[in-house]
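Please read the structure below before turning to the comments.
The values are calculated or read from the model by the stated rules, or taken from the named source; none is laboratory data. Because the structure is predicted, anything quoted here is derived from the model rather than measured. All Cβ positions, glycine included, derive from the backbone under ideal geometry; neighbour counts span all protein chains shown.
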Amino acid sequence: MTALGFLSPGHSAEDDYQRIEQLLGSDIRLDLVHTDVGEELETGSADRLAAGAEELRLSGAEAVVWASTSGSFGYGWEGAHEQMRALARASGMPASSTSFAFVHAVRELGVRKVAIGATYPAEVAELFAEFLRSAGIEVTAVHGAGTGAAAEVGEWGEEELVSLAQEADEADAEALLLPGTALHTASHIETLEKILTKPVLTANQVSVWEALRLTARKVNAPSLGTLFTREPLVQA
């Protein structure tokens, strides 16, 4: 049994992890701990993450992912690295975040150009784009829907997801990224990829993939999209 740990602010799409655990269909357990939600970047503070990481460590988790996109890229490229170094020290296990999961997943797919479909306001979506550019990824289009609270987008279904994806997609983009962890996407990735005819990366999907990567596990799960059907690329 491989136990993977996730720190999640709020409760908007926690059942995505239950769904993904079912779709993995293997000896993998996904443990989710909810962290305290503070004002803006307080949510991702070292103290808040360390408290949740201790609970995961005691549960037997082998790696931890801070499952918040804006709560990591909002610190900037260098700040997000320091955030993860602090989490690794506090937890005593390999650590990453959803923002870095997107970077690693894009590299895994071998694509260079991506489009972003975010539920955030435009200026926040642009911060995510800047984070990706810092990793050497070309962002061809940034769409910020400017939707309200996580609880609101947590109610979205397939129709709203498809609309967001189609509005955000751009012909030159080789993959589409949907960074909101409040979005329920686990049951809809196949549909999105079929409509857009390209890989779609979503926040909860890449967070789980990142945790698997940290523990050197490879799982083939076609219903979770192209990312879960590839053999790993050999990194130089």
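Would it be correct to say that S26 is under 17 Å from A203 (Cα atoms), at pLDDT below 90 and in a loop (DSSP other than H, G, I, E, B)?
no
So which residues in region 49-83 are surrounded by fewer than 19 Cβ atoms within 10 Å (Cβ to Cβ), free of Cβ contacts under 8 Å to residues at least 40 places away in the same chain and either within 23 Å of F128 (Cα to Cα) or touching a Lys or Arg at 6+ places or on another chain (Cβ under 7 Å) (or both), if there are any at all?
E78, G79, H81, E82
Give the residue that is nearest to Q205 (Cα to Cα), with candidates limited to residues of region 143-194 that are aliphatic (A, V, I, L, M) and in a loop (DSSP other than H, G, I, E, B).
If we take residues in region 143-194 being aliphatic (A, V, I, L, M) and in a loop (DSSP other than H, G, I, E, B), then A186 is nearest to Q205 (Cα to Cα).
Pull up region 84-122, narrow it to residues that are under 17 Å from D47 (Cβ atoms) and either crowded, with 24+ Cβ neighbours inside 10 Å or hydrophobic (A, V, I, L, M, F, W, C) (or both), then point me to the one that is farthest from the chain's Cα centre (by Cα).
Result: A90.
Conditions (1) more than 25 Å from V153 (Cβ to Cβ); (2) part of a helix (DSSP H, G or I); (3) among the β-branched types (V, I, T), marked per residue:
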position	(1), (2), (3)
L7	no, no, no
A13	no, no, no
Q22	no, yes, no
L49	no, yes, no
R57	yes, yes, no
E62	yes, no, no
R89	yes, yes, no
S99	no, yes, no
V114	no, no, yes
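Run down S91, S96, S163 and say which single residue is assigned by TED's automatic domain parsing to the domain that holds E14 and at pLDDT below 95.
S91
Results for (1) assigned by TED's automatic domain parsing to the domain that holds A122; (2) within 19 Å of N204 (Cβ to Cβ); (3) out of contact with any Gly (no Cβ under 9 Å at 6 or more places or on another chain), shown as yes or no for each residue.
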site	(1), (2), (3)
Y17	no, yes, yes
L30	no, yes, no
S45	no, no, no
E54	no, no, yes
R57	no, no, no
S72	no, yes, no
A86	no, no, yes
